[in-house]
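Q: Sharing a structure below in structure tokens format, with a few things to ask.
The values are calculated or read from the model by the stated rules, or taken from the named source; none is laboratory data. Since this is a predicted model, take the numbers as computed values, not measurements. Virtual Cβ from ideal backbone geometry, glycine too; neighbours counted across all protein chains shown.
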Amino acid sequence: MKLGFLVDLNLCMGCKGCEIACKVENEVPLSSWRLRVKYIDLGTFPDTRRSFTPLRCNHCENAPCERICPVSALHYLENGIVNVDSARCIGCAGCMMACPYGAIYMDPETNTADKCTYCAHRIESGMMPACVVACPVEANIFGDLDDDHSNISLYIMEHKGAVQVRKPEKHTSPTHFYVGGGNQTLNPLAHQRIEGFNLFNDITKLHHVGDKNHGILDRFLAPFGGHESASTNDSLLESKISTESHEQEGGH
Amino acid sequence: MVESTIHATQAVVTLDVPIQGIVWGSIITVNMWAKSIGTGVLFVAAYLWFRHNKEDMPNLRWLMPIIAFVALNVFLFFTLIDLHQPYRMINIFLHPHWTSSITVGAWLASIFLGLMTAMMAIGVSDAFPSLGGKKCQITKIARKNSGFYEKIMPFMLFLALPVTMYTAIIMAQSSARELWQAPTEVMQMMWAALMAGSAALIFISGSWTKEARKDLALILSVAVFFSFAMYMGEYFFSFKSSEAEATLAYVHSGGEYNIQFWLGMTLGFIAPFFLAISAMKDDNKTLLRFAALLALIGLALAKDVWLKIPQLLPLS
């Protein structure tokens, strides 16, 4: 069995339902994303259009993150999923440097590497990944690439010639495919990131890796419990303040 | 024609999450810099012992392992503090994953440091016969096994090669950062070790013979020359990958990393080359020490830029 993913970008409408479902299912902390949908505006007015590209771990067959991990925290499951064992991770960030797709992040709560696991825990119970279930237009197609009659295999065969992967020149053999993508949507160097052009969000770059309130000394003191409680309280306080201000502005 | 094509294919990101900034920062720079000193002093000492009598460099036998010991501990300490889960570093030894150059490097560096500690104990015990008195077991064992120092030197030299170069393999395995994928990185690490090793030994060469010091200055000038030439090659020559091109284009266009890079090149490579050549002629110890200091500062600046700039590109 070799599980794979295919996103038909012609169907995706950028609702971000998959992004939210992933966040909820996997309890992904603030400032971290296992799956995100990127909006890119193409062309020049009036000939413009907006494209939506969901981006997640590619679960490469030749995964650089698995190779560089010094303690096998990143490892293959029998079904081809590149899984993370956060209890073993030492937080060296080697995987973040190796992944050509920027799909790995340092969890700010556990200070260990984390990423999309194709919802391995759901697959084990015979369920589909949360993002697949949430997609209202079935743009996410998931299944066994080794099975010729699976949805994903049939979709790939049907769209032969139009199926793409990100950065094929890296020879990572991703098991994550796209239909309807182009260089402008799949190549991060083919589109600009202009300061101030982001909708809803002014933060274009994260200036911390892992927990921003977790300095070098805190990393050593963490097992003794001193920092953990303080950090959790800070996060709760921040979220309380933001909730209150949100409610004051008429939000729910 | 070209202009209109570019115009028509304009693409701008209008909604995305904040992208990752620099993941491996100055801590890793210090890590690499200290390791260059730790292994470099051994290479240079071995060359000097091959070329000269031991009496020409009376303090080298005990001071070289001390410098290496301190530098390697700085290197390992900075490796440790860069980890987000520092106590789990033990997992590298309990659950090693041998395809990872981080694992292989950590094992080799630990063995290297262990043997270097033994060399330090022997070197210091032999140099100071009254050290520890008659009751100290460590100095007693060290003096009893004095010959072990010379016996393991060839093995240490052999071991120092992968310990020096494995960081280049880590960079090669960091396949997301195209700028580090150049095969020249391996040689760059070797030149950095020779540069840092000779620079560190210059500070203890005051009592050495003129010829030995001249050789030290020669190693420094040759190392900075070739290291500089390789940096220039990597900086100006065209890479085949668009990521590396984009990284370099960003630095070429100016900004803080451009200034830091050229400051590093001038301080650490161009100035020490001329200072070391000039110090060789008239055996000017002060000038040579100044060249060594500049080389160590410039090397850190250059390594820092080369480490950080590829991390500025968005990966997705």
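Q: If you go through the range B:87-119, how many residues are within 17 Å of A:Cys95 (Cβ to Cβ) and not in a loop (DSSP other than H, G, I, E, B)? First the steps, then the outcome.
A: As a first pass, look at the range B:87-119 and keep what is within 17 Å of A:Cys95 (Cβ to Cβ): B:88-89, B:91-92, B:95-106.
Next cut, not in a loop (DSSP other than H, G, I, E, B) only: B:88-89, B:91-92, B:101-106.
Of the residues in that region, 10 qualify.
Q: Looking only at the range B:152-172, count every residue that is within 14 Å of another protein chain (Cβ to nearest Cβ) and surrounded by fewer than 20 Cβ atoms within 10 Å (Cβ to Cβ) and tell me the total.
A: Residues in the range B:152-172 being within 14 Å of another protein chain (Cβ to nearest Cβ) and surrounded by fewer than 20 Cβ atoms within 10 Å (Cβ to Cβ): 2 in total.
Q: Residue by residue through the range B:274-307, note down the ones that are part of a helix (DSSP H, G or I), surrounded by fewer than 21 Cβ atoms within 10 Å (Cβ to Cβ) and not aliphatic (A, V, I, L, M).
A: Of everything in the range B:274-307, those that are part of a helix (DSSP H, G or I), surrounded by fewer than 21 Cβ atoms within 10 Å (Cβ to Cβ) and not aliphatic (A, V, I, L, M) turn out to be B:Phe274, B:Ser278, B:Lys281, B:Asp282, B:Lys285, B:Thr286, B:Arg289, B:Phe290.
Q: Can you confirm whether the range B:65-84 contains a residue that is within 14 Å of another protein chain (Cβ to nearest Cβ), surrounded by 17 or more Cβ atoms within 10 Å (Cβ to Cβ), more than 24 Å from the chain's Cα centre (by Cα) and not in a helix (DSSP H, G or I)?
A: No, there is no match, as no residue in the range B:65-84 is within 14 Å of another protein chain (Cβ to nearest Cβ), surrounded by 17 or more Cβ atoms within 10 Å (Cβ to Cβ), more than 24 Å from the chain's Cα centre (by Cα) and not in a helix (DSSP H, G or I).
Q: Tell me which helices (runs of 4 or more DSSP H) are completely within the range A:166-250 and hold 3 or more residues being at pLDDT 75 or above, or say none if there are none.
A: Numbers: elements: A:183-186, A:216-221, A:226-248.
By residue number, A:183-186, A:216-221.
Q: A further question follows. Only one residue in B:Thr247, B:Thr266 is over 30 Å from A:Lys38 (Cβ atoms) and either of a type outside the set (Phe, Trp, Tyr) or part of a helix (DSSP H, G or I) (or both). Which one?
A: That would be B:Thr266, the only listed residue that is over 30 Å from A:Lys38 (Cβ atoms) and either of a type outside the set (Phe, Trp, Tyr) or part of a helix (DSSP H, G or I) (or both).
Q: Do any strands (runs of 3 or more DSSP E) entirely within the range A:1-81 hold 2 or more residues that are crowded, with 19+ Cβ neighbours inside 10 Å, and if so, which?
A: In the range A:1-81, the matching strands (runs of 3 or more DSSP E) lie at A:3-8, A:36-44, A:47-55.
Q: Return the residue satisfying two criteria in turn: it lies in the range A:1-57 and is touching a helix residue (DSSP H, G or I) at 6+ places or on another chain (Cβ under 7 Å) and hydroxyl-bearing (Ser, Thr, Tyr), and of such residues it is farthest from B:Thr14 (Cα to Cα).
A: A:Thr44
Q: Kindly establish whether B:Lys54 is over 30 Å from A:Phe45 (Cβ atoms), at pLDDT below 95 and not acidic (Asp, Glu).
A: Yes.
Q: Still on this structure: In the range A:64-99, what residues are more than 10 Å from chain B (Cβ to nearest Cβ) and in contact with a Leu (Cβ under 8 Å, 6 or more places away or on another chain)? Please lay out each step first, then the result.
A: In the first step, residues of the range A:64-99 are kept if they are more than 10 Å from chain B (Cβ to nearest Cβ); the result is A:76-84.
Within the range A:64-99, A:Asn79, A:Gly80, A:Ile81, A:Val82, A:Asn83, A:Val84 qualify.
Q: Against the condition part of a helix (DSSP H, G or I) and not acidic (Asp, Glu), how does B:Trp49 come out, does it pass?
A: yes
Q: Looking only at the range A:88-110, how many residues end up being assigned to a loop (DSSP other than H, G, I, E, B) and in contact with a Lys or Arg (Cβ under 9 Å, 6 or more places away or on another chain)?
A: The total comes to 10.
Q: Give the residue that is nearest to A:Phe5 (Cα to Cα), with candidates limited to residues of the range A:147-182 that are away from every other protein chain (no Cβ under 14 Å) and aliphatic (A, V, I, L, M).
A: A:Ile152
Q: May I ask you to list the residues in the range A:183-199 that are loosely packed, with under 15 Cβ neighbours inside 10 Å and more than 7 Å from chain B (Cβ to nearest Cβ)?
A: Correct list: A:Asn183, A:Glu195, A:Gly196.
Q: Which of (1) touching a helix residue (DSSP H, G or I) at 6+ places or on another chain (Cβ under 9 Å); (2) more than 7 Å from chain A (Cβ to nearest Cβ); (3) over 22 Å from B:Ile152 (Cβ atoms) is the odd one out, the single condition B:Ile90 does not satisfy?
A: Result: B:Ile90 fails condition (1) only.
Q: Same structure, new question: When you go through A:Met157, A:Met128 one by one, which is the residue that is of a type outside the set (Phe, Trp, Tyr), under 16 Å from A:Pro54 (Cβ atoms) and either assigned to a strand (DSSP E or B) or out of contact with any helix residue (DSSP H, G or I) (no Cβ under 6 Å at 6 or more places or on another chain) (or both)?
A: A:Met128
Q: I'd like the residue in the range A:111-120 that is part of a loop (DSSP other than H, G, I, E, B) and within 20 Å of A:Pro54 (Cβ to Cβ) and, out of all such residues, is farthest from the other protein chains (Cβ to nearest Cβ). Reasoning before the result, please.
A: Taking the range A:111-120 as the starting set, the residues that turn out to be part of a loop (DSSP other than H, G, I, E, B) are A:111-112, A:115-119.
When the remaining residues are screened for being within 20 Å of A:Pro54 (Cβ to Cβ), the result is A:115-119.
Details: A:Lys115: 12, A:Cys116: 12, A:Thr117: 18, A:Tyr118: 17, A:Cys119: 20 Å.
Checking each candidate, the answer is A:Cys119.
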